[in-house]
Structures are given as structure tokens and as C-alpha cells.
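Have a look at the structure below, then the notes.
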Amino acid sequence: MSRPPLPPAMPALPDPAVPGAALLDALAGAAREAGEAILAVRARGFTVTGKQDDTPVTEADHAAEAILLAALARLDPATIVVAEEEVAAGRIPPRADRFWLVDPLDGTREFARGRREFTVNIGLVERGRCVLGICHVPAYGEMFAALNPAAGPRIAWKEDEAGRHPIAARRCPPEGPTAFASSHFAADPRLARFLRERGAHRIINIGSALKFCRVAEGAADLYPRFGPTMEWDTAAPQAVVEAAGGHVRLFDGAPLTYGKRGFRNPDFLVTGAE
């Protein structure tokens, strides 16, 4: 499957002196390389196998993860990396206040079914919150990136065929929210009840972290998640949403944080600007 070409490289951020700018741009390059590997696997064909948790995995997951692990070893060798396929293989690093979370192919089910809604996710966690995020959408030729520090300026941008430009979450329009929902949990009665109570004007079912990114760029207003997710699924896109002015919270209003035992997330809600 062909995809739109990415534009020539542009400055990573409006102000290159912002801490993390060079790292963010280097990681965007690594995510792009991983995305090319994923598309190459799709082009030549692949098989799907199951992991112990009954989730699918392909050659593309492993190829992309190898690229990202090599890039992080080169760019930030002092920081541990928690990567989905490494954890699935039993290689779990010790707990730390600062660590990378890597999902080399978020949306493997969509990828295996020939759909386009899958992403490459790289997130950096410091003291429980994600402070940097990269979400690459290889099949669409889109890159979302963010710096989301606890203090200081937050920066979120998207790169597509039009170039690189800042993004911002929107306030909910008067006609009601546009909501994204997981394509695999669309029948959950909790989801239907929540969207009905919120007066959802439009509901779109897709997979992967792309749902976060659409809220971050102001194309939607809600993404309620009832059902299992892991920290590597959500860290990078959460950074993008929050840097763009949106929010990712538990349903009791508490923030979604990182470093949990087992890396499993509770239910959460993604919203735009308030």
C-alpha cells in the first residue's frame, strides 16, 4: 500500500533552544524508520501469531521494536526501556523514576486486517507522567510529536503532506461532542451509556492511538476507554493530547499515571480543551 511522501525535514520546533527539541526530532526519525519497516512487512506478506495474553503479534512488531530499541540505546543509553515485545518475552527491566515506553506497532489487529489505523509509539516517563511523545501513523504519512514537561512550555506538532505545524485540542462545539471509540470494544454497554449521557453528536470507531491524536489536533472531543490497555499503548499519545491542551484522566478525575505494577491501565477518558 502506498502512502503520501513526507515533506523534507524541517526544524524540530519553533525554538531549537527548547530542552528536548533535538531528541524529539531524532526520535521522529527513528519512528519513521520503524514505520517504513512495518510497511515493508505488509508489502511482502506476513503471518500472525498469538501471545500469552491472546493479543496478536507479527514480524512487523518485532522489526519495528528492534529499530526503536537501537535508536534509544544510541540516543539515551542511561535510561531503561520498557518495550511491549520485550515484556512479552519476559525481559522486564527494573522499576525507575525515568523510563521509555515503546509500542512498536499499536493496532496490530488493524494492521493484520489490512486497515490503516496503526501507530508507532515512543513515550518518555518522568515521575509517573509522560513528558515526551511520538506517535507515527505510517499508512497515513502522519507524525504527531510533543514535549509535555511538568513545568515550562508545552509543544505539540503534526507533520503531514502539508508540512509541520502546531496542533491544539478544541473546545466541544455547541452541537455536541464527536467521540472516538475502540473498534474492538464498540459493543460495551458502558461505552454506549456514557456516550448517550454526554450527548455524542457523532461516534467513530477505529483502533490504535490514532484516537488520541485526532482529539489532540482538534478533530474530535472525546475518547472514553472502557477495557484493557497497557502503559505503552497510552504514554506517547497522552503526551501529545496534554501538550495540545487536552486531558487524559481516570473517570474519577485523577490523572492517568505511569510506573504501575504490571503496566496495566485502568479505564480512562480523553477530552479536548476545557
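The values are calculated or read from the model by the stated rules, or taken from the named source; none is laboratory data. Everything quoted here is computed from the prediction, not taken from an experiment. So basically every Cβ, Gly included, is an ideal-geometry build from the backbone, and we count neighbours across all protein chains shown.
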Residue ranges of strands (runs of 3 or more DSSP E) in the stretch 44-90 with at least 3 members in contact (Cβ under 8 Å) with a residue 40 or more places away in the chain: 56-58
Any hit, the stretch 127-140, residues being among the small types (Gly, Ala, Ser), farther than 25 Å from Asp61 by Cα, in the same structural domain as Arg95 (by TED's automatic domain parsing) and touching a helix residue (DSSP H, G or I) at 6+ places or on another chain (Cβ under 7 Å): no
Residue match in the stretch 45-55 (condition: at pLDDT below 95, in the same structural domain as Leu132 (by TED's automatic domain parsing) and among the acidic types (Asp, Glu)): yes
Count of the stretch 120-172 residues which are surrounded by fewer than 19 Cβ atoms within 10 Å (Cβ to Cβ), among the small types (Gly, Ala, Ser) and closer than 15 Å to Gln238 by Cβ: 2
Qualifying positions in the stretch 43-68 - out of contact with any Pro (no Cβ under 9 Å at 6 or more places or on another chain) and closer than 18 Å to Pro138 by Cβ: Ala43, Arg44, Gly45, Phe46, Pro56, Val57, Thr58, Glu59
Per-region count, the stretch 88-110, residues aliphatic (A, V, I, L, M) and crowded, with 20+ Cβ neighbours inside 10 Å: 3
Extreme residue, modelled with the lowest pLDDT, among residues of the stretch 186-200 that are crowded, with 16+ Cβ neighbours inside 10 Å and more than 15 Å from Glu274 (Cα to Cα): Asp188
Test: residue in the stretch 101-112 that is aliphatic (A, V, I, L, M) and in contact with a Ser or Thr (Cβ under 8 Å, 6 or more places away or on another chain): yes
In the stretch 91-116, the residues that are in a strand (DSSP E or B) and of a type in the set (Asp, Glu): Asp103, Asp106
Residues that are crowded, with 24+ Cβ neighbours inside 10 Å and over 15 Å from Phe180 (Cα atoms), drawn from the stretch 215-231: Glu231
Strands (runs of 3 or more DSSP E) within the stretch 118-206 that include 1 or more residues aromatic (Phe, Trp, Tyr): 142-147, 155-160, 178-182
Residues (surrounded by fewer than 18 Cβ atoms within 10 Å (Cβ to Cβ), out of contact with any strand residue (DSSP E or B) (no Cβ under 7 Å at 6 or more places or on another chain) and either touching a residue at least 40 places away in the same chain (Cβ under 8 Å) or not hydrophobic (A, V, I, L, M, F, W, C) (or both)) located in the stretch 234-273: Asp252, Gly253, Lys260, Arg261, Gly262, Pro266, Ala273
